[in-house]
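**Q** I'd like to ask you about the structure that follows.
Just so it is clear, none of the values below were taken in a lab; they were calculated from the coordinates. Bear in mind that the values here come from a model prediction, so they are computed numbers and not experimental data. All Cβ positions, glycine included, derive from the backbone under ideal geometry; neighbour counts span all protein chains shown.
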Amino acid sequence: MDTVNLADKFALIDEHWRPKIVAELNGQVLRLVKIQGTFVWHQHDHEDELFLVWRGAMQVEFRDRSVDLSAGELMVIPRGVEHRTLAASEAEVLIFEPAATVNTGAVVDATFTAPVDGRV
């Protein structure tokens, strides 16, 4: 049982859209990710996904609306809901989801699909 300093862990991340595991519990993981620009449209058929903005601001787009999130705000995306995330400038985000969740869902994208076991 060690303390995790989120600011220190985010400082180790030098790329966008590549979530890194910092903690695991009950089959779930906490991943940290830096985002900037626009992600691909995708959905997770079997798992919900929680985004918590640590620093900066981001948007979650759905086909019929867009939701703005600022530091300290979170949103749960229900399984099966198509979405994409974006940030005009760099944002730091915590993602809570099952350990086997692929960040692009069923979409395979050379730029955005990240390994599920990356760690900081």
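**Q** Between Thr101, Thr38, Thr85, find the one with the highest GNM mean-square fluctuation for the chain; connect C-alpha pairs within less than 10 Å.
**A** Comparing Thr101, Thr38, Thr85 in the GNM, the peak value goes to Thr38.
**Q** Hey, another quick one. Taking Cα centroids, how far is region 60-104 from region 6-52 in Å?
**A** That distance is 9 Å.
**Q** List the equivalent ellipsoid semi-axes of the chain in whole Å, largest first, each obtained as the square root of 5λ for an eigenvalue λ of the Cα gyration tensor.
**A** Details: eigenvalues 81, 56, 38 Å².
So the three semi-axes of the chain are 20, 17, 14 Å.
**Q** Further, regarding this structure: Please give the net charge around Thr101, taking every other residue with its beta carbon less than 12 angstrom from that of Thr101, where Lys and Arg add +1 and Asp and Glu add -1.
**A** On the way: positive: Arg31, Arg79; negative: Asp45, Glu47, Asp48, Glu49, Glu97, Asp117.
Net local charge, Thr101 excluded: -4.
**Q** With springs only between Cα atoms under 10 Å apart, run a GNM on the chain and tell me which of Val93, Val81, Val33 wobbles the most.
**A** Sorting by GNM fluctuation, first place goes to Val81.
**Q** Separate question: Quick check: net charge around His46, other residues with Cβ under 13 Å of its Cβ, Lys/Arg +1 and Asp/Glu -1?
**A** Details: positive: Arg79; negative: Asp45, Glu47, Asp48, Glu49, Glu97.
Net of charged neighbours comes to -4.
**Q** What nm value, rounded to one decimal, do you get for the distance between Trp41 and Asp2 when each label is placed 7 Å out toward the C-beta?
**A** It is 4.2 nm.
**Q** What full-extension length gain, to one decimal in nm, is calculated for Asn26 and Leu50 as 0.36 nm per residue of separation minus the Cα-Cα distance?
**A** Numbers: separation 24, 0.36 × 24 = 8.64 nm, distance 1.55 nm.
The Asn26-Leu50 span can extend by a further 7.1 nm.
**Q** I've got another one for you. If you add up the charges near Glu92, with Lys and Arg at +1 and Asp and Glu at -1, over every other residue whose beta carbon is less than 11 angstrom from its beta carbon, what do you get?
**A** On the way: positive: Lys9, Lys34, Arg55; negative: Glu90.
Taking every Cβ under 11 Å from that of Glu92, the sum is +2.
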